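The values are calculated or read from the model by the stated rules, or taken from the named source; none is laboratory data. None of these values were measured; they are calculated from a predicted model. All Cβ positions, glycine included, derive from the backbone under ideal geometry; neighbour counts span all protein chains shown.
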């Protein structure tokens, strides 16, 4: 007959195994969803992706911001479109949310724009981020023109 300690240890080990398996299944299903979304899409190079944005400041930062996704999503960034939802469609931050924070930090460092947490929380798509950064870049440029 197993001791109480052995039984407790076995129960804890079983729970840990179930949690790990559940996390793995969730991760794989999120990756599969992103691959299904991108199925049949052609890769867009930087110029083609930039052309999907209306202003020059947005077009300039769009490929940079898109390509930073490479560390965080399961499909090539060239398959991402501006209106894909970062979390729901591409699986950014699907497991613990830290990826989204890291991604925003990477964007801030790459483009030199600070994105407050409250604003970042409202950004659902890549277009949202590019629009925000483009507007901030335009504002900074126009302020510099006047010596502010």
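Data table
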read-out: Output for the stretch 50-82, where each listed residue is in contact (Cβ under 8 Å) with a residue 12 or more places away in the chain and over 20 Å from residue 136 (Cα atoms); value: 69, 71, 72, 73, 74, 75, 76, 78, 79, 80, 81
read-out: Residue under evaluation residue 38, criteria (1) at pLDDT below 90; (2) surrounded by 11 or more Cβ atoms within 10 Å (Cβ to Cβ); (3) more than 28 Å from residue 97 (Cα to Cα), criterion not met; value: (3)
read-out: Helices (runs of 4 or more DSSP H) contained entirely in the stretch 47-127, each with at least 1 residues that are surrounded by 20 or more Cβ atoms within 10 Å (Cβ to Cβ) and touching a helix residue (DSSP H, G or I) at 6+ places or on another chain (Cβ under 6 Å); value: 56-67, 98-111
read-out: Matching residues, the stretch 87-110, being modelled with pLDDT under 95 and over 11 Å from the mean Cα position of the chain (by Cα); value: 95, 96
